[in-house]
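Structure first, then comments.
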Amino acid sequence: MNVLDFQAYKQKGEKIVMLTCYDYTTARIVQDTDIDVILVGDSAAMVMHGHATTLPADTDMMCRHVEAVARGAGDKFIVGDMPFLSFRQSLADTMRAVGRLMKAGAHAVKLEGIAGNEDTIAHIVESGVPVMGHLGLTPQSVNQLGGYRVQGRGDDAATALKEAARACEQAGCFSLVLECVPDAVAAHVTAALRIPTIGIGAGVHTDGQVLVMQDLLGLNTDFKPKFVRRYLDGSQLWQEAFNRYSSDVKQGRFPAEGESFNE
Ligand code: KIV
């Protein structure tokens, strides 16, 4: 997968499958799967660091995760998330953050929102760095949005979202994440754009899908929004393994003969 393949996938009608990933061990597992794209999302702040929102993520945090993923991901295409406000200060600061993420091993960056970011996106793209846009529910703006709510509901909001999507394409984004928007709006945006859309909570008509790995694996038992499908009861499976280990130790069954050094 390289940046040109995104367009090719859309033209062929082949879905793009993106999954978040934040660490080396997991990236090594993803490397040998059919997942097309790895997103090192700023959701790391929540699922890896236990913060309540993505706002505490910063460029240092994102770079550490991108570096670890890049060491394990083989030739998977890696998108690194631009953290909260990292692209809203000076252009020089923005480009420093972009440079750090790319040097850490990303092949593209993702950036939330378009209003006021058009020139920034164009400059990043002109500098040779592919940009993935992100519209709809943009978690870095949770305080402005008044919570984690579906966006683009109602005619005015839907029109604004469609215009914003066109602006992302015009600014040079090579693809666009649509988060928590009504299916019909996502379908309309997808049909109107040349670049592929990648949905999360945006229905089946987007050009691809993205999920947070911990949600897909069922590791996050107290978070189950409507749009998440769990492919594993990971939390229970992990607990069962931990309890078997605990019980083996307590009962003297671990380590066994072949699991220790005789001389
Ligand atoms: O940070 C993230 O994981 C994301 C996805 C939910 C799209 O932005």
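The values are calculated or read from the model by the stated rules, or taken from the named source; none is laboratory data. Not measured: the values here are computed from a predicted model. For neighbour counting, all protein chains shown are included, and Cβ atoms are generated from backbone atoms with ideal geometry for every residue, glycine included. With ligands, DNA and RNA removed, areas are computed over all heavy atoms of the protein, side chains included. Shrake-Rupley method; radii C 1.70, N 1.55, O 1.52, S 1.80 Å.
From the set of residues in the stretch 120-138 that are among the polar types (S, T, N, Q) and over 14 Å from G41 (Cβ atoms), which is nearest to the ligand (Cβ to nearest atom)?
Quick first cut of the stretch 120-138, residues among the polar types (S, T, N, Q) only: 120, 127, 138.
This time we only want the ones that are over 14 Å from G41 (Cβ atoms), so: 120, 127.
Working: T120: 18, S127: 22 Å.
Filtering first and then ranking leaves T120.
Out of the residues in the stretch 139-160 that are closer than 11 Å to V181 by Cβ and within 16 Å of the ligand (Cβ to nearest atom), state the one that is most open to solvent (accessible area, probe 1.4 Å).
R149
Select the helices (runs of 4 or more DSSP H) contained entirely in the stretch 150-263, then report the ones holding at least 3 residues which are without any contact (Cβ under 8 Å) to a residue 60 or more places away in the chain.
Passing ranges, in order: 155-171, 183-192, 234-250.
Restricting the search to the stretch 116-127, which residues are open to solvent by 10 Å² or more (accessible area, probe 1.4 Å) and either under 21 Å from the mean Cα position of the chain (by Cα) or charged (D, E, K, R) (or both)?
If we filter the stretch 116-127 for residues that are open to solvent by 10 Å² or more (accessible area, probe 1.4 Å), which is where we start, we get 116, 118-120, 122-123, 125-127.
Within the stretch 116-127, E118, D119, T120, V125, E126 meet the criteria.
Given the condition more than 14 Å from the chain's Cα centre (by Cα), among the acidic types (D, E) and under 22 Å from T20 (Cα atoms), answer yes or no: does some residue in the stretch 199-214 qualify?
yes
Which one of these is more than 24 Å from G172 (Cβ to Cβ), at pLDDT 95 or above and either within 16 Å of the ligand (Cβ to nearest atom) or basic (K, R) (or both): A68, A97?
Within the list A68, A97, the selection yields A68.
Scanning the stretch 211-252 for residues that are within 16 Å of the ligand (Cβ to nearest atom) and surrounded by fewer than 12 Cβ atoms within 10 Å (Cβ to Cβ), which turns out nearest to T25 (Cα to Cα)?
Top of the filtered list is R229.
Which of (1) open to solvent by 10 Å² or more (accessible area, probe 1.4 Å); (2) over 21 Å from A122 (Cα atoms) is the odd one out, the single condition L85 does not satisfy?
Failed condition: (2).
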